[in-house]
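Read the structure below first, then the notes.
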Amino acid sequence: METLKVGELKNKFSHVLQRVQAGEEIIISIGKKGKKIAVLVPYDKYISASPRRIGLLKGKAQCTIKDDFQMSDKELLRS
């Protein structure tokens, strides 16, 4: 997997997209230290990631919500 800085990505964007379309994964980095911030992956690989299994902790953990519990949608989204 190759790492490209943002500037390189800008200059070679069409070519990089062709490589990704062909199945390659590209890491994007930023700054002088080359901090890795993203990975470009083919869309087919992205959508085919295995879905999360529901009920994975069934019988192993529990959660009880009391009747007096109150939280607005906004509070829930902020937490």
Going through (1) exposed (fewer than 11 other Cβ atoms within 10 Å of the Cβ); (2) touching a helix residue (DSSP H, G or I) at 6+ places or on another chain (Cβ under 6 Å) one by one, L40 fails only at (1)
Is it true that some residue in the range 6-21 is of a type in the set (G, A, S) and in a loop (DSSP other than H, G, I, E, B)? no
For the range 45-58, give me each residue that is of a type in the set (A, V, I, L, M, F, W, C) and either at pLDDT 85 or above or not in a loop (DSSP other than H, G, I, E, B) (or both). I47
Tally of residues being among the acidic types (D, E) and more than 30 Å from G7 (Cα to Cα) across the range 26-72: 2
Which of the residues belonging to the range 22-44 are in contact with an Asp or Glu (Cβ under 9 Å, 6 or more places away or on another chain) and in a loop (DSSP other than H, G, I, E, B)? G23, E24, E25, V41, P42
Run down A22, A61 and say which single residue is at pLDDT 90 or above and more than 18 Å from the chain's Cα centre (by Cα). A22
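The values are calculated or read from the model by the stated rules, or taken from the named source; none is laboratory data. Treat the numbers as computed from the prediction; the structure is a model and nothing was measured. FYI the Cβ positions are ideal-geometry reconstructions off the backbone, even for glycines, and counts take in every protein chain you see.
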